[in-house]
Amino acid sequence: MNEDILINDAFQRLLDTYLASNHRKKTDIITKAFNFARQAHKGVKRLSGEPYIMHPIAVAQIASDEMGLGSTSICSALLHDVVEDTDYTVEDIRNIFGDKIAQIVDGLTKISGGIFGEQASAQAENFKKLLLTMSDDIRVILIKICDRLHNMRTLESQAPNKQYKIAGETLYIYAPLANRLGLNKIKSELENLSFRFEHPEEYENISKKLTLTQEQRAKLFDDFTAPIREELDHMGIGYEIKARVKTPYSIWSKMQNKHITFDEVYDILAVRIIFTPATREDEVNECFRIYVAISQIYKSHPDRLRDWINHPKANGYQALHVTLMSKQGRWIEVQIRSDRMDDIAEQGFAAHWKYKDGEDGTAETNENESELNNWLGTIKEILDDPQPDAMDFLDTIKLNLFAREIFVFTPKGELKTMPAGCTALDFAFQIHTFLGSHCIGAKVNHKLVPLSHRLQSGDQVEILSSKSQHVQPEWLNFVSTAKAKGKIQASLRRAAREIQKKGEVTLTEWLEKNNIEFTSSVVDKLCDLHEIQKHENFFISLGKKTIILGDDDIAYLQGKSSEKKGWKKYVPFIKADKKEAKTIKASRNLLEVGPEFNKKQPCYLTEETIQMYLFRDCCHPIPGDDILGYIDNKKHVEIHKRDCPVATRLKTSYGNRILDAKWQMHHQMLFDATVQIRGIDRKGMIHDLAHLISDQLDVNIRRLTIGSNEGIFDGTIELRVYDRAGVAHIMNKLKTIDGLQEVLQIM
């Protein structure tokens, strides 16, 4: 098709979508923005080969169609890459399109190229910019999410290493951000697309299983909803009943977290009742009338009623959730919401604007919207005391902004909103830094609990403190709010600085005593000897006296000894015994990434090349796992599972160092795998386990640990296998042993 026809058709579709919305019809300025952007991007192509202008049109289409935004946002979306990619400036945009559009385009330009720069520190800076810009106008972040969604939809044209970087970034930042803004539909699609590119085979498997089980789900839905429809018709309510099917990503996450199979995921199907109330004032009563009516048809689960009507989520979500027992003996969740609530559930804050009066500019964003202001307030609080480490900063943002809320009461009965999973200590810091720093415990519902006690919605909390109490490093292991983490870390940093100074004095005195000059290269050598990467950490170890300097250190500095003191942290996977392992490690020839190295080509792991790569202790990948490579600071390549938590952090902070990696093993090398087992204890259980694994399957057991308590046994089996398929085969065979209830694979 002719390029001009393609572009004009796409723009016409955008105009048609906009004209069908409730916004005032300002097509002139949209057409003007389109013509300006088209001219600015003329002759430029995307990686997929299509004209570049198709991308801004697609982003504007998402903003209009899937977020319900108006002309200001559509124009900004059409112009979002003009300042970054062409010679036009923000001033040019201001002169032609006015202050508001220029401000949004400027915000989008500041955070362009993804949130993340080349370095982690740049990434944190850009993220702060993004959030500060968002405080000026929420539309900046909404259009950024539209931009990311279109990039994810067209990710096919990128090289695999770029796909992993972008998908990792999307799961880490954009999907939770969309969730926090209530953009449920977009959040689900971003998660699914990330999953599809990171784990293509598993995505395919789950999608196939969903298709195969579609018929039985449809029957369950029809049978379950028939009596509900009858009752709602009788009540004279205008309604629509929809089936909500869990997404492949959501199913996969549940399978991973709960260690269950696809067939054991019972909440794949949920039911939505969307009704049209007679008046806006009547919608809450109508919700509860429907709830009472359906609870008389089916028995409801006493602990699973969720009232998001009277207590909306922070992202604006409202609905009544009830779980009912179907005639087939399955629990099915029913979500009851009005059509207004349904719009907000799918489109988030964007949908609020549909239900507000006013001009296009003011209808699109309302500064008095309390939930939005609370959220932006939280962001500003975090930015007031940012973390020095980029990934910590991002983690605290995630912890605070993307968590589900709980409601907690003070002793005086004041209601406080806290993130789910927070502890008594988090609550103490939330009230006051001094109270948190000197907290010794708490009374929850008048019962004494430790600092690490996790709070539940509805708890009444009284904090107990003592002036003799001080901040402890182990507190970081259980606090979850940004404020608590930030204050604890600031206090520990102050204490660490004092210990560091003490360590510097110790080193200076020791060097003077041994007539050695204090230089940076001397400290480098001592760090190398003790296998510590940073000078500060070395000084802290000296200050704490965990390192005592002696004759060995002098010998190493004078070149008389080359033996290091630290632990050998990284050991490659090899099939040899310990003696052979040492020989192989000594002769390893690690891959060095030079300037001519092609990052777009995959790293192939074979029996001959595996020794060239580093395997860290975080995830232990084996053939059959989805893997990626990462170029470390010494230009060597580490191999990680794609869903390893460390890899997730690397993808989001060092995306330009990510490589595609593939296995090409031929059943010649053995790898370690650990399987966890649990079941009903009986005589001869260990004999049956050993007989099955060693005799029938001819697999080498490295270690078997098992314990029994009150008739229940649990244990772990460490095996030597060729690949992931071998582990799956062993696990399936183990499930046939009488009394063995659970078989899980540990990373």
With every protein chain in place, the stretch 150-199: carbon and sulfur % of accessible area (1.4 Å):
44
Keeping the other protein chains in place, figure out the carbon and sulfur percent of the accessible area of the stretch 216-258, with a 1.4 Å probe.
46
Computed on Cα atoms, Rg of the stretch 182-257 relative to 2.2 N^0.38 Å comes out at 1.42
Given bins 10 angstrom wide, list per bin the percent of all Cα-Cα distances in the stretch 466-569, short to long.
13, 38, 26, 16, 6, 0
Pseudo-spin-label distance residue 317 to residue 593, built 7 Å along Cα→Cβ, given in nm, is 3.7
From the square roots a ≥ b ≥ c of the eigenvalues of the alpha-carbon gyration tensor of the stretch 595-747, which class results: rounded (a/c under 1.5), prolate (a/b over b/c), or oblate?
prolate
Relative to the present Cα-Cα distance, how much length would full extension add between residue 731 and residue 46 at 0.36 nm per residue of separation?
242.0 nm
In percent, what relative contact order does the stretch 493-542 have, based on Cα pairs under 8 Å that are 6 or more apart in sequence?
57
For residue 601 and residue 554 in the same chain, what is the full-extension length gain: residue separation times 0.36 nm, less their Cα-Cα distance, in nm?
12.3 nm
Amide H partners (placed H, <5 Å) of residue 741, local residues excluded
678, 679, 680
Take the Cβ-Cβ distance between residue 295 and residue 524 as r, set R0 to 60 Å, and report the resulting FRET efficiency rounded to the nearest 0.05.
0.25
Counting only other residues whose beta carbon sits under 13 Å from that of residue 289, what net charge do I get with K and R as +1, D and E as -1?
-4
Order these peptides, 550-558, 101-109, 339-347, by their mean beta-carbon neighbour count within 10 angstrom, highest first.
101-109, 339-347, 550-558
Computed for the stretch 1-113: size of charge dipole around the Cα centre, +1 on C-beta of each Lys and Arg, -1 on C-beta of each Asp and Glu, debye to nearest 20, value 260
Whole-percent carbon and sulfur contribution to the accessible surface of the stretch 591-747 (1.4 Å, no ligands, DNA or RNA) stands at 49
Please grab the % of Cα pairs in the stretch 173-319 that end up more than 25 Å from each other.
42
What is the sum of charges, Lys and Arg at +1 and Asp and Glu at -1, for the other residues whose Cβ falls under 14 Å from the Cβ of residue 3?
+1
Between residue 185 and residue 666, what FRET efficiency comes out of the Förster formula 1/(1 + (r/R0)^6) with R0 = 51 Å and r the beta carbon distance, rounded to 0.05?
0.70
As a test of understanding, state the convex hull volume per residue of the stretch 403-453 from its alpha carbons, in Å³.
77
Treating only the Cβ atoms of Lys and Arg (+1) and Asp and Glu (-1) as charged, compute the dipole magnitude of the stretch 52-110 about its Cα centre; round to the nearest 20 debye.
180
Would you calculate the convex hull of the Cα atoms in the stretch 1-62 and tell me its volume per residue in Å³?
79
Computed label-point distance, nm, for sites residue 611 and residue 6 using a 7 Å Cα→Cβ extension
5.1
Lys and Arg at +1, Asp and Glu at -1: neighbours of residue 45 with Cβ under 15 Å from its Cβ sum to -2
Here the tail fraction of P(r) beyond 11 Å, over all Cα-Cα pairs of the stretch 249-291, rounds in percent to 72
Taking Rh as the Kirkwood radius, which is the inverse of the mean 1/r over Cα pairs, what is the Rg/Rh value for the stretch 672-716?
0.97
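The values are calculated or read from the model by the stated rules, or taken from the named source; none is laboratory data. Predicted model only: the values in this text are computed from it and were never measured. Note that each Cβ is placed from the backbone with ideal geometry, even for glycine, and that neighbours are counted across all protein chains shown. Quick note on the areas: whole protein, heavy atoms, side chains included, nothing else; ligands and nucleic acids left out. Shrake-Rupley method; radii C 1.70, N 1.55, O 1.52, S 1.80 Å.
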